[in-house]
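*Asks:* I'd like to ask you about the structure that follows.
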Amino acid sequence: MFLYVGIEVMAGDAIGTYGQGFGLPLSQTRFFTSLTLTAMLGGYVAGFVIVPRILTQERLMELACILGGMLTITAFLTHGYVSVLCVALLGAANAMLMPTIFPIAIRGAGSWTPLASALLVMAYSGGAVIPQIYVALKPVIGFQAMFALLVLPSYLALLIYARRYGQTGLLPLDQKP
């Protein structure tokens, strides 16, 4: 959850700074935040429609991570408006993660579900921490490389989580071995 909220905030809030790195004026790049939010709305709706009718939560989470990784790589390899557009479209991939992480994480928690839920909510702090790492290190590494260095490993970690814990949940505390 920490990583997910962090990269979700990066796609929406850092997009103006990201666009300015290409020399694009803020008066133009500020509209990309609206595109990110529209993409997020589409991702949320897709998640609600698709799960569980067409895909499982685990499969949607995997596909969202793959989509997010592909968009991040494309953003890194391109420049200007195309790169900024790829960052904006991360909103769709990120929004498809939201209806998957929470249920997978608390699956099997049993009587520990309230504590597990509280810890997941506290992990929303990633939205405050990860963008600050970006702002601090982008002058050293470069805005595009720093974005990719934060976002790609996050998608990879979430993908591994979906594959490793997707069937059992993170805390199968009430199950007997």
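*Asks:* Can you show me the helix-derived [θ] at 222 nm for the chain, built from DSSP H runs with n ≥ 4 at -39,500 (n - 2.57) apiece and divided by the number of residues, rounded to the nearest 500. Kindly include the intermediate steps, with their values, before the conclusion.
*Replies:* Values: 9 runs with 139 residues, N = 177.
That comes out to -26000 deg cm²/dmol.
*Asks:* Going toward the positive end of the dipole of the chain, with +1 on Lys and Arg Cβ and -1 on Asp and Glu Cβ, which of Gly110, Pro25, Leu97 do you reach last?
*Replies:* So the residue furthest toward the plus end is Gly110.
*Asks:* Just subtract the alpha-carbon distance of Trp112 and Gln132 from 0.36 nm times their residue separation and send over the number in nm, one decimal.
*Replies:* 4.0 nm
*Asks:* Can I ask one more? Could you tell me the convex hull volume per residue, in Å³, taken over the Cα atoms of region 1-47?
*Replies:* Spelled out: Cα convex hull of region 1-47, divided by residues, is 63 Å³.
*Asks:* Here's something else I'd like to know. Nearest 20 debye, what's the magnitude of the dipole of the chain about its Cα centre given +1 on Lys and Arg Cβ and -1 on Asp and Glu Cβ?
*Replies:* 200 debye
*Asks:* Can you tell me the length gained on complete extension of the stretch Asp13 to Met122, counting 0.36 nm per residue apart and subtracting the Cα distance?
*Replies:* 37.2 nm
*Asks:* Say the dipole of the chain comes from +1 at the beta carbon of Lys and Arg and -1 at that of Asp and Glu; which of Val129, Ile50, Met70 then lies farthest toward its positive end?
*Replies:* Ile50
*Asks:* Summing +1 for each Lys or Arg and -1 for each Asp or Glu, what net charge is found among the other residues whose Cβ lies under 12 Å from the Cβ of Glu58?
*Replies:* Summing Lys/Arg as +1 and Asp/Glu as -1 gives +3.
*Asks:* P(r) tail for region 1-167, what percent of Cα pairs lie past 20 Å?
*Replies:* 49 percent
*Asks:* Might you work out the accessible area of Tyr161 for me, using a 1.4 Å probe with all protein chains in place, and round it to the nearest 10 Å²?
*Replies:* Accessible area of Tyr161: about 40 Å².
*Asks:* Give, in nm to one decimal, the length gained when the segment between Ile141 and Arg53 is fully stretched (0.36 nm per residue of separation minus the Cα-Cα distance).
*Replies:* So the extension gain works out to 27.3 nm.
The values are calculated or read from the model by the stated rules, or taken from the named source; none is laboratory data. In this text the structure is predicted, and so the values were computed from the model without any measurement. Cβ sites come from the backbone with ideal geometry, for glycine too, and all protein chains shown count toward neighbours. Accessible surface areas use protein heavy atoms only, side chains included; no ligands, DNA or RNA. Shrake-Rupley method; radii C 1.70, N 1.55, O 1.52, S 1.80 Å.
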